[in-house]
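Before any comments, here is the structure.
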Amino acid sequence: MISVALCTYNGENFLTKQLDSILNQTITVDEIVICDDISTDSTIKIIEDYQIKYPNLITLYKNEVNLKSNKNFEKAIQLCSGDFIFLSDQDDLWRKDKVEKTLEVFTNNPTAEGVFSNASLIDDNDKILFENISLWDSVYFFESKIIKPLDLHRLLLLKGNYLTGATLCIKKEVKDFCFPFQTLEKIFLHDEWFAYILSERKTLFYSTENLISYRIHSNQQMGVGNIVKNAEKIKKSPKNMQIILGILKPKSFRDYKILTRTLFSQYEKYKELKMDTFLDSEKIEKKLLDYYFEADKQMKKVNPILYFFRKRKDKKKGKRQI
């Protein structure tokens, strides 16, 4: 059985197209669970019209309070009953064979508990924004250039999130250990929560195909940062991110400065989450500090003088103090 967990909030502009793309799959979905976060536009009317057409397929839950994206997805996923649960935003477009191609990855990787994919970037009018830049590129996940085998867990700790929830499908068994989400709005979203749990379990896999069109528009509730700005940076050869990803080996003082700054920022983020014993926050913090201290040692070795002045400046400003 295939479920879709779809969260809505004032999504009248694009919801019809998204629902049509979900309903028009080569492998039919069995249920669409929609949790609406107190929409004030015509979103509810649109959903109810679809319920009339598909009475046994679409279920609508209206939140009594505004849960926001993280908790709304938590609720929607909990309410799904399928063996495979596809997460869906309200404003994207699914490729006709998204379900089929995603299930193929599960079939080819029996240990997989979660599968995500790449995506095209589109505007309000469904037009592709960049011919040569995908969703992965926009979040600096240069999968084709990273040395294989790819350690998704280490990459998440070093760089930050690369998984966009709108492309994710999980097996129902994941519900047994993923709740409650230990997340903070705008800091650590539900998609990064899944990326951490599944990559640590080594059960996270992906498709390199663009299985959805990810829409960039002004009324987006949640997104993946300033995608257009990031995309423009990509055109200028993002050496900094290539160093962080391990595509390029750091050599200069500046290279190690970039790396240590990123690693310490990641350490502070995980520390702020104050995760419970399920994820062993102390283990996470220690691992990140180990990465940080190793890069810090190499930075000192490359240029002791600049290292001294940087440490003195950091201490004065209260930065990167442990």
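Given the structure, is residue 247 surrounded by 13 or more Cβ atoms within 10 Å (Cβ to Cβ), under 23 Å from the mean Cα position of the chain (by Cα) and not in a loop (DSSP other than H, G, I, E, B)? It is false that residue 247 is surrounded by 13 or more Cβ atoms within 10 Å (Cβ to Cβ), under 23 Å from the mean Cα position of the chain (by Cα) and not in a loop (DSSP other than H, G, I, E, B).
Of all residue pairs spaced 6 or more apart or on separate chains, those with beta-carbon atoms under 6 Å, a first member in segment 297-322 that is over 19 Å from residue 252 (Cα atoms) and a second member that is part of a helix (DSSP H, G or I) are 320/264; 320/314.
Pairs linking a residue in segment 239-264 that is within 22 Å of residue 308 (Cβ to Cβ) to a residue that is among the acidic types (Asp, Glu) and assigned to a helix (DSSP H, G or I), with Cβ atoms under 7 Å and 6 or more positions apart or on different chains, are 260/296. The listed residues are 177, 106, and the only one of them that is over 16 Å from the mean Cα position of the chain (by Cα), buried (at least 18 other Cβ atoms within 10 Å of the Cβ), in contact (Cβ under 8 Å) with a residue 40 or more places away in the chain and in a helix (DSSP H, G or I) turns out to be 106.
Tell me, yes or no, whether segment 160-172 has at least one residue that is surrounded by fewer than 19 Cβ atoms within 10 Å (Cβ to Cβ) and modelled with pLDDT under 90. The answer is no; no qualifying residue exists.
Tell me, which strands (runs of 3 or more DSSP E) wholly within segment 1-100 include 1 or more residues that are without any contact (Cβ under 8 Å) to a residue 24 or more places away in the chain, in the same structural domain as residue 172 (by TED's automatic domain parsing) and closer than 26 Å to residue 187 by Cα? In segment 1-100, there are no strands (runs of 3 or more DSSP E) which contain 1 or more residues that are without any contact (Cβ under 8 Å) to a residue 24 or more places away in the chain, in the same structural domain as residue 172 (by TED's automatic domain parsing) and closer than 26 Å to residue 187 by Cα.
Sub-8 Å Cβ pairs linking a first residue in segment 142-160 that is closer than 10 Å to residue 245 by Cβ and of a type in the set (Lys, Arg) to a second residue that is in a helix (DSSP H, G or I) and modelled with pLDDT of 85 or more, at least 6 apart or interchain, are 159/262; 159/266, ordered by first then second residue. All conditions in (1) among the β-branched types (Val, Ile, Thr); (2) closer than 20 Å to residue 19 by Cα; (3) modelled with pLDDT under 95 hold for residue 133, with the sole exception of (2).
Per the conditions (1) buried (at least 19 other Cβ atoms within 10 Å of the Cβ); (2) free of Cβ contacts under 8 Å to residues at least 60 places away in the same chain, the sole criterion not satisfied by residue 116 is (2). Among the residues of segment 109-119, those that are within 15 Å of the chain's Cα centre (by Cα) and not aromatic (Phe, Trp, Tyr) comprise 114, 115, 117, 118, 119.
The values are calculated or read from the model by the stated rules, or taken from the named source; none is laboratory data. The structure presented is a predicted model; accordingly, all values stated were derived computationally and were not measured. Backbone-built Cβ (ideal geometry, glycine too); neighbour counts: all protein chains shown.
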